[in-house]
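The numbers here are math on the coordinates, done by the rules we state, and not lab data. Please read these numbers as outputs of a predicted model, since none were measured by experiment. Every residue, glycine among them, receives a Cβ derived from its backbone with ideal geometry; neighbour counts consider all protein chains shown.
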Amino acid sequence: MDRPAPIVRVAKGIVRVLGMNPGPFTLDGTNTYLVGNGERRLLVDTGDGEQPAYFDMLKECLGGSRIDRILLTHWHADHIGGVRRLLDMPDIVAPDCTVHKCPDEAVDSSEAVAAMLALAKSRNKLRSIADAEVFDAGDGLQLRALFTPGHADDHMAFTVRPPAGELMLLTGDLVLGRGTTVVQDLGPYMDSLHRVLAVRPSALLPGHGPIISGGDAAHPDAVRLIEGYIAHRNMRERQIAAVICGPPPDAPPSPRNGGWRVEEVASVVYPDITDPPVVRAAQNNTRLHLDKLVRDGSAKVSHAAVGDERVDLYAPIGSAF
């Protein structure tokens with residue numbers, strides 16, 4: 001697979017700058033976006049803050065301009081880690097630059113996140129993002145925040161429409177340009193997918209992976225990709241629901257009167273996965289679907305002890321086991 005260009009002009013006034021932090025979960029790296037044409041620009045996300053080449057590229061893209069607002073899609077370190085360094089870079093960031101994030105006390109108070117935002121907070125530069133809030137980047141460019149929890153509780157996406165262009169969606173990690181994303185809470189995540197689908201964007205500017213635009217099989221359009229995400233999750237839910245309708249395996253705890261363990265369901269749904277980290281991811285995905293079935297009233301969960309371990313057992317409502 002060819003490496004993506006580190007700097008891409010997406011449209012007039014929108015430039016994608018790659019965070020230069022490739023990895024198993026970041027793909028080619030974190031995509032960050034400079035928005036605006038004038039002396040002051042907006043930056044959406046900041047990379048992990050550990051890559052000097054990233055800051056060099058920002059400076060190259062800005063020329064004599066400066067960043068005066070930083071918008072953060074969510075709290076993960078590969079998106080907010082660069083905040084601290086940027087606020088001390090006067091050749092990149094304006095003195096009055098503010099940092100905007102959807103507040104979430106649970107994560108904002110954690111040691112790691114608090115440290116990454118500490119400088120902005122100590123300088124009174126940290127601001128909240130509200131759902132539907134509009135950020136004016138000049139020259140007719142406006143970003144509108146969309147609250148889209150699921151990947152993270154504080155997740156925000158942003159719509160933007162270039163002058164004389166069609167509506168684009170900066171998706172953060174709600175939707176990726178390649179593969180599927182990690183989900184924290186499946187119910188809100190599905191609601192968020194439906195919310196951005198209703199926007200009908202012409203292009204997706206994701207937090208990782210290539211930009212999605214086009215309309216053929218090789219380059220699926222934005223709407224079709226979101227629909228595909230929804231269809232994939234719905235298919236997986238049906239598959240998992242069908243598995244737990246069958247009798248559970250003959251394995252501890254015994255007698256088996258509670259249902260299926262998460263690991264057992266995952267081994268049926270993902271029979272070809274053997275790599276331990278991927279197995280754990282598959283089991284986590286399975287648990288998310290099972291917990292959603294419980295919340296939706298389609299399944300029940302009970303608990304049993306296997307040695308010193310307490311395990312969850314899932315079964316459909318009305319089952320005899």
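At a glance:
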{"read-out": "0 to 90° range, to nearest 10: angle between helix 276-295 axis and the chain longest Cα axis", "value": "80 degrees"}
{"read-out": "Against the rule of thumb 2.2 N^0.38 Å, how large the Cα Rg of segment 147-250 comes out", "value": "1.20"}
{"read-out": "Taking the convex hull of Cα positions in segment 183-304, its mean projected area over all directions (nm²)", "value": "9.3 nm²"}
{"read-out": "On Cα atoms only, tilt of 222-244 relative to the major axis of the chain in degrees", "value": "20 degrees"}
{"read-out": "Mean ellipticity per residue at 222 nm, deg cm²/dmol - from DSSP H runs of n ≥ 4 across the chain, formula -39500 (n - 2.57)", "value": "-9500 deg cm²/dmol"}
{"read-out": "Full-extension gain in nm, residue 12 to residue 301, via 0.36 nm per residue minus C-alpha separation", "value": "98.8 nm"}
{"read-out": "Packing-based ranking, highest mean first, of 45-53, 223-231, 150-158, 267-275 given that Cβ atoms within 10 Å are counted", "value": "150-158, 45-53, 223-231, 267-275"}
{"read-out": "Highest to lowest packing among 245-251, 18-24, scored as the average C-beta count within 10 Å", "value": "18-24, 245-251"}
{"read-out": "Computed E for residue 121/residue 250 - FRET, C-beta separation, R0 56 angstrom, nearest 0.05", "value": "0.50"}
{"read-out": "Distance between segment 62-93 and segment 230-295 - C-alpha centres, whole angstrom", "value": "41 Å"}
{"read-out": "Principal semi-axes in Å for the chain [√(5λ), Cα gyration tensor, largest first]", "value": "40, 21, 17"}
{"read-out": "Degrees between helix 52-62 axis and first principal axis of the chain (Cα, 0 to 90, nearest 10)", "value": "50 degrees"}
{"read-out": "Positive-pole candidate from 61, 143, 94, dipole of the chain, charges at beta carbon", "value": "143"}
{"read-out": "Semi-axis lengths (Å, descending) of the ellipsoid that matches the C-alpha gyration tensor of segment 56-135", "value": "22, 14, 11"}
{"read-out": "Calculated log₁₀ intensity ratio I(q)/I(0) where the Debye formula runs over C-alpha points of segment 3-71, q = 0.15, 0.16, 0.17, 0.24 Å⁻¹", "value": "-0.43, -0.49, -0.55, -1.07"}
{"read-out": "Shape box of segment 1-158 [Cα atoms, principal axes, largest first, Å]", "value": "37, 36, 28"}
{"read-out": "Calculated over segment 246-316: convex hull of Cα atoms, volume per residue (Å³)", "value": "93 Å³"}
{"read-out": "Gaussian network model of the chain, Cα within-10 Å springs - most flexible of 65, 202, 110", "value": "110"}
{"read-out": "Euclidean distance of C-alpha centroids, segment 129-204 and segment 94-127, integer Å", "value": "21 Å"}
